[in-house]
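To start, the structure under review is shown below, and the notes come after it.
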Amino acid sequence: MKKYFLYTLLGCVILSVLFSFENLNVENKGLKELTTFPIGTAVRVDQLQSDAKLKELQIHNFNSITAENDMKMYNVKPNEEEYNWEKVDKVIAYGDTNEQRIFGHTLIWHSGTPDWVEKKGRKDTLWLDNFLKTYIFEYVSRYKGKVDGWDVVNEAFDTKGGNYRKTLWYDVLGKEYIAKAFSYAHEADPAAKLFYNDFNIERDTAKLHAMLKMVNDLKNDNVPISGIGFQMHIRVDVPDEIIEYSLKKAVETGLQIHLSEVDIIFNKHDDSKNGGVQKYQELTEEMKIAQAEKYKNLVKMYKEIVPKNQQYGITFWGFTDRDTWVRSFFNIDDWPCLFDDNLEPKPAYYAFKEALN
Ligand code: XIL
């Protein structure tokens, strides 16, 4: 009897040592090592080059990058005379050197359109039609085989509800600009995955359904669309049920699903620049836990609802509270990311990890 007790005790000790080794192992692993789908983040390449700690964290955790601003139209085509490839080349070089997937963001977006295109395009339909084609063709061909996928069209629907956004592109070329953009991108790089990307589609049902109708129409017309990007800029109190519903509906299209710009805030805003409302003055322990729970649930939903062959990956819109776009854009203090202001992991980081694993 005594012997039996000793053996059991020994067994327990061995198991718990093994278990803690395994835990230690997970603790040391980066996010990217714990999953079969890519884990990405938005990056500012110049900043990564000048901040060793940030770069180390980035390389340790992520295997996919999206340029936060460097690949937008106003940077690539600042004037009519020239293309500015310098920044894009840097993004590509960073991705190549560190063996990370490069995601192109974004070809056609109202907020990325430089003023000179806006002005000229409003006066000359033919010119704009031709510019849409040459811009996409030159850009996508230049990085053929380097950029894995593109947000071809970003935010074509109004902030709220199911109407098309009245942008330069829509006003002058009609909604056909969307199908054209996808076709030109496909022509330039037939292997690149081509996404439609938008925000609030995880919670605004009218917007979700309008987007799905557009996507299904594109598919029926044999327009080469490969995926849907849910930006997923959410607040900690968006109900999981509504996100679940939206993901399920999107999965039914059979397309790739990318959570393309994830962050989770506490405060409110109206989606416009400087539109933040400072409800919480500081980040408490309870808030950290609530946020961690939300990050965990998001991964769980993604893993459970999106079939493996449709999982394009999860990309964060930056990974530190210090550098989040939310603060400057909405003009509020908030803490939406996995790492804090001192680049230390928050409970959200561990919860996200746990859910991946
Ligand atoms: C944001 C950047 O993070 C900011 O630095 C910039 O001032 C404005 O754009 N949806 C998108 C992204 O598709 O391109 C936006 O990025 C955030 C919202």
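Any read-out appearing in this document is the output of simple, stated calculations on the displayed coordinates, not a laboratory observation. None of the values given here were measured: they were computed from a predicted structure. Note that we place each Cβ from the backbone using ideal geometry, even for glycine, and neighbour counts take in every protein chain shown.
Here the contact order of region 227-357, divided by its residue count and restricted to Cα pairs under 8 Å and six or more residues apart, works out to 30 percent.
Under the classification rounded if a/c is under 1.5, otherwise prolate if a/b is larger than b/c and oblate if not, where does the chain fall, given a ≥ b ≥ c as square roots of the Cα gyration tensor eigenvalues? Mind showing how you got there, number by number?
Numbers: a/c = 1.84, a/b = 1.81, b/c = 1.02.
Since a/c reaches 1.5 and a/b is larger than b/c, the shape of the chain is classed as prolate.
Per-residue extension of 0.36 nm, minus the Cα-Cα distance of TRP116 and TYR245, leaves a gain of 42.4 nm for this segment. With loop defined by DSSP as not H, G, I, E or B, and exposure as at most 14 other Cβ atoms within 10 Å, which is the longest segment of the chain clear of exposed GluC sites (Glu not before Pro)? By the stated rule (loop sites, at most 14 other Cβ atoms within 10 Å), 100-251. Dipole size of region 39-356 about its Cα centre, with +1 on Lys/Arg Cβ and -1 on Asp/Glu Cβ: approximately 600 debye, rounded to the nearest 20. Its DSSP H runs of at least 4 residues, each contributing -39,500 (n - 2.57), put the calculated 222 nm mean residue ellipticity of the chain at -15000 deg cm²/dmol, to the nearest 500. A full extension of the chain between GLU56 and LYS279 corresponds to an added length of 76.9 nm, given 0.36 nm per residue minus the alpha carbon distance. Here region 163-191 is scanned for amide nitrogen atoms under 18 Å from the site 7 Å beyond the Cα of GLU138 along Cα-to-Cβ, giving 181, 184-189. With 0.36 nm allotted per residue and the present C-alpha distance subtracted, the ALA290-LYS213 stretch has 24.3 nm of extension available.
Taking 16 Å as the cut-off, the amide N atoms of region 37-71 that come nearer than this to a point 7 Å along the Cα-to-beta-carbon line of ASN28 belong to 60-61.
Among all helices in the chain defined by DSSP H, which have a length of 15 Å or more along the axis from Cα atoms plus a Kyte-Doolittle mean of at least -1.0?
What comes out of the filter, once short or polar helices are dropped, is 2-28, 86-97, 125-142, 176-188, 205-220, 240-251, 285-305.
Dipole orientation for region 39-356: of the candidates VAL152, VAL140, GLY174, GLY174 has the Cα lying most toward the positive pole (charges on Cβ; Lys, Arg +1; Asp, Glu -1). Projecting the Cα atoms of ASN309, PRO78, PRO336 onto the dipole axis of the chain, where Lys and Arg carry +1 and Asp and Glu carry -1 at the beta carbon, places ASN309 farthest toward the positive end. Can you list the trypsin sites (Lys or Arg not before Pro) in region 145-213 that are in a DSSP coil and have 11 or fewer other beta carbons within 10 angstrom? Of the trypsin sites (Lys or Arg not before Pro), the ones in loops of region 145-213 whose Cβ has at most 11 other Cβ atoms within 10 Å are LYS166.
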